[in-house]
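These notes are about the structure you will find just below.
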Amino acid sequence: MFKKKSLVSEIIRLVILLFAVSVLAFVLITSAPIDPLTSYIGTESTLSPEARQEIANYWGLNDPLPQRFFTWLGHLFHGDLGQSITYKRPVAAIIGERFTMSIILMIVSWVLSGIIGFILGMFCGKHENSVFDRIIKTIFLGLKSAPTYWLGLIILTVFAVLLGWFPIGMAAPIGKAATDVTLGDRIYHLILPAFTLTIVSMGDVILYTRQKYIDIARSDYVLYARTRGETDGQITRRHILRNIALPAITLQFASFSELFGGMALAENVFSYPGIGTATTAAALNADVPLLLGISLVSAVFVFSGNLIANILYGVFDPRIREGKAHA
Amino acid sequence: MHKYHKKSRILNKRVALLITMIIAAVYLVGIFIWGCCIGEDSYAVNFGNKFLPPSAEHWFGTDNLGRDMFFRSIKGLSLSMVIGVISVAISSVIAIVMGILSAVFGGWVDKVVNWAVDLCMGLPHLVLLILISFMLGKGVFGITIAAAVTHWPSMTRMIRQEVLQVRNSQYVQAAYKMGRSRWQVAIKHIIPHILPVYFIGVTLLFPHCIMHESAVTFLGFGLPREMPAIGVILAEAMTHIVTGKWWLAVFPGIMLLIAVIFFDLIGEGLKNLLNPHTGNE
């Protein structure tokens, strides 16, 4: 099976990269022209300069950057990401809470866009140049160029404002205590953001699957299979499906970065309380600890997608499995 | 788009493609120049005209301050294009330098470049844009630099791949064997081969930049509120959507969508024309 050695080296490479990304995020955020002290105590405080200096010393704001980074990293390993200025609560707790909300949204749209996109792509490939194929192709080529947040706004206008079928936003009815929120409420509020994110992420899968289907259907080995007397169903099952399914799945995993971006935008449009809305809130309030925590989580998220994609390539592609083509 | 397509046409594919590309280019350049010429009084505040739906006088309607949405959209789009041009120019230069360096020198240079590409792709693009723009204090400067320094990775990979391919081709190997220096080979063979790829890459990078700029602006980390950028317009539209002011969101978004599709169209068209397999159909 898959070589253990290359799996380990792949993981090591990703861990080093993750470390570098956290350094990058740390440097970017700490060099912002925002004084963490001012953003914490507010601009209208009557604190004397001496007292400010004392707090700065206590927080280690005057230490050199590398030292601050390692202090942060040390706390990170103890599960302490600091205190959020915006929400006045530990960052780890907020991220945990928000990420659960976002991950539900992302999993739903990811799975739906993958499955529906694949089926539609196969169908379009099979009936190339039919009316259905042309309509789907035009729609999704157009959607690929449409900004996610604009699409969200349009969907919101049509389904929530004009038709009134769905709530305007949020994850639960306003004014309802958290304990009273039913699963039905949650699903009801999830539909529109999930729908937006699904159709945004579906374009790539459809167009890829469609093109791949057409390419394979014209290949010599399919022609040979046909001359051997295989039926359409057999050809689809034995040759086409096998050759498309795995790259399509890998493509889905490799798209985690775009999925995250789309999620952040969709959440902001629908004011869905997830990581995306937390990111904008954090950056607007110069909430350095929360912003750092979110960057780290998003980096881990993208990495796990890429790692799975890389492993899948290795597991399913016999050439890479044998270690010949992997140069 | 493919060769099995049997249909009699008056124009052959090449001419038809050229004509669409020219129309797209004229449209985009037109919007750009028009936007630059529009003065502030075309979309000045006028409280007498609040929330007018689209009409012959105000094609896209007016907003909560009575500003004409049509002119604001045009102005916003041309602003986006300016930022797009600057950031694409910077990004593509980074990409071509890094791509050629990593392919020509190989070894540790290649490793470093690949690593930088991975690093840049390690964070979700949107998060990276927000962080850089945030660090530079948002505004025009922040978003332009953020867009400029984050759009090179995919193009770097593409150029690296192309250079590697030319370098390993027989005619280049033959040129080396005949005693041509690296420089001579680079100027005579590699650069002419890379240029078309480069131009296609640049055109296709453009819509990406514009989309990202508007998304970051929409979230409030890009262009400032008082500028008529598409992102700002749509962010404002969001606050009025509950009251049914649909035109505030629909038209500016469609303008952006058309611009992006046209850029893609020109890029794909160039790709088809410059590729000898599809160029002569």
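The values are calculated or read from the model by the stated rules, or taken from the named source; none is laboratory data. Note that the structure is predicted; figures quoted are calculated from it, not measured. Using ideal geometry, Cβ is built from the backbone for each residue, glycine included, and neighbour counts are taken over all protein chains shown. We work out accessible area using only protein heavy atoms, side chains counted, and drop any ligands, DNA or RNA first. Shrake-Rupley method; radii C 1.70, N 1.55, O 1.52, S 1.80 Å.
In the stretch B:99-106, the count of residues that are closer than 29 Å to residue B:79 by Cα and either more than 14 Å from chain A (Cβ to nearest Cβ) or part of a helix (DSSP H, G or I) (or both) is zero.
Yes or no, residue by residue, for (1) touching a helix residue (DSSP H, G or I) at 6+ places or on another chain (Cβ under 6 Å); (2) farther than 18 Å from residue A:201 by Cβ; (3) of a type outside the set (Lys, Arg); (4) not in a helix (DSSP H, G or I):
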site: A:68; (1), (2), (3), (4): no, yes, no, no
site: A:74; (1), (2), (3), (4): no, yes, yes, no
site: A:93; (1), (2), (3), (4): no, yes, yes, no
site: A:96; (1), (2), (3), (4): no, yes, yes, no
site: A:102; (1), (2), (3), (4): yes, no, yes, no
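Selection within the stretch B:8-23: residues that are open to solvent by 80 Å² or more (accessible area, probe 1.4 Å) and charged (D, E, K, R). The member of this set that is modelled with the lowest pLDDT is B:9. If we scan the stretch A:74-83, do we find a residue that is under 24 Å from residue B:134 (Cα atoms), at pLDDT below 75 and touching a Leu at 6+ places or on another chain (Cβ under 9 Å)? So far as the stretch A:74-83 goes, no, none of its residues is under 24 Å from residue B:134 (Cα atoms), at pLDDT below 75 and touching a Leu at 6+ places or on another chain (Cβ under 9 Å).
Of the residues that sit in the stretch B:231-247 and are in a helix (DSSP H, G or I) and at the interface with another protein chain (Cβ under 9 Å from one of its Cβ atoms), which one is surrounded by the most Cβ atoms within 10 Å (Cβ to Cβ)? If we take residues in the stretch B:231-247 being in a helix (DSSP H, G or I) and at the interface with another protein chain (Cβ under 9 Å from one of its Cβ atoms), then B:231 is surrounded by the most Cβ atoms within 10 Å (Cβ to Cβ). For the stretch A:282-296, name all the residues that are closer than 27 Å to residue A:167 by Cβ and facing chain B (nearest Cβ under 10 Å). If the condition is that a residue be closer than 27 Å to residue A:167 by Cβ and facing chain B (nearest Cβ under 10 Å), then A:282, A:283, A:284, A:294 are the ones that fit. Residue count for the stretch B:32-76 under the criterion of being farther than 24 Å from residue B:86 by Cβ and in a loop (DSSP other than H, G, I, E, B): the result is 20. Please go through the stretch A:158-194 and pick out each residue that is away from chain B (no Cβ under 14 Å) and either in a loop (DSSP other than H, G, I, E, B) or at pLDDT below 70 (or both). If the condition is that a residue be away from chain B (no Cβ under 14 Å) and either in a loop (DSSP other than H, G, I, E, B) or at pLDDT below 70 (or both), then A:165, A:171, A:172, A:173, A:175, A:176, A:177, A:178, A:179, A:180, A:181, A:182 are the ones that fit. Looking only at residues in the stretch B:119-142 that are open to solvent by 20 Å² or more (accessible area, probe 1.4 Å) and free of Cβ contacts under 8 Å to residues at least 12 places away in the same chain, the one that is nearest to the chain's Cα centre (by Cα) is B:141. Against the definition (of a type outside the set (D, E, K, R), surrounded by fewer than 20 Cβ atoms within 10 Å (Cβ to Cβ) and modelled with pLDDT of 85 or more), how does residue B:205 come out, yes or no? The answer is no for residue B:205. Taking the numbered list (1) free of Cβ contacts under 8 Å to residues at least 40 places away in the same chain; (2) of a type in the set (A, V, I, L, M); (3) buried (at least 19 other Cβ atoms within 10 Å of the Cβ) in turn, residue B:254 passes all entries but (3). Condition first: at pLDDT below 85 and either over 20 Å from the mean Cα position of the chain (by Cα) or not hydroxyl-bearing (Ser, Thr, Tyr) (or both). Can you find one or more residues in the stretch A:254-261 that meet it? Checked against the condition, which is being at pLDDT below 85 and either over 20 Å from the mean Cα position of the chain (by Cα) or not hydroxyl-bearing (Ser, Thr, Tyr) (or both), the stretch A:254-261 yields at least one hit.
Each residue in the stretch B:102-118 was checked for being surrounded by 16 or more Cβ atoms within 10 Å (Cβ to Cβ) and farther than 28 Å from residue B:210 by Cβ, and 3 of them qualify.
With respect to the conditions (1) open to solvent by less than 50 Å² (accessible area, probe 1.4 Å); (2) hydroxyl-bearing (Ser, Thr, Tyr); (3) at pLDDT below 75, residue A:58 falls short on a single one, namely (1). Which members of the stretch A:261-275 meet the condition of being more than 9 Å from chain B (Cβ to nearest Cβ) and farther than 12 Å from residue A:104 by Cβ? Selection gives A:266, A:270, A:271. Among the residues of the stretch A:130-153, those identified as closer than 23 Å to residue B:216 by Cα and in a loop (DSSP other than H, G, I, E, B) are A:146, A:147. Go through the residues of the stretch B:75-94 one by one and say whether even a single one is over 21 Å from residue B:209 (Cβ atoms), of a type in the set (A, V, I, L, M, F, W, C), touching a residue at least 24 places away in the same chain (Cβ under 8 Å) and surrounded by 23 or more Cβ atoms within 10 Å (Cβ to Cβ). Among the residues of the stretch B:75-94, not one is over 21 Å from residue B:209 (Cβ atoms), of a type in the set (A, V, I, L, M, F, W, C), touching a residue at least 24 places away in the same chain (Cβ under 8 Å) and surrounded by 23 or more Cβ atoms within 10 Å (Cβ to Cβ), which makes the answer no. Say whether the condition of being closer than 26 Å to residue B:226 by Cβ, in contact with a Cys (Cβ under 7 Å, 6 or more places away or on another chain) and modelled with pLDDT of 85 or more is met by at least one residue in the stretch B:146-166. For the stretch B:146-166, residues closer than 26 Å to residue B:226 by Cβ, in contact with a Cys (Cβ under 7 Å, 6 or more places away or on another chain) and modelled with pLDDT of 85 or more: present.
For residue B:251, the conditions (1) within 9 Å of another protein chain (Cβ to nearest Cβ); (2) modelled with pLDDT of 85 or more all hold with the exception of (1). All conditions in (1) more than 14 Å from chain A (Cβ to nearest Cβ); (2) touching a residue at least 60 places away in the same chain (Cβ under 8 Å) hold for residue B:262, with the sole exception of (1).
Per this entry, residue A:244 is counted among residues that are more than 14 Å from chain B (Cβ to nearest Cβ) and in a helix (DSSP H, G or I). The residues in the stretch A:251-287 that are in a loop (DSSP other than H, G, I, E, B), small (Gly, Ala, Ser) and open to solvent by less than 30 Å² (accessible area, probe 1.4 Å) can be counted, and the count is 3.
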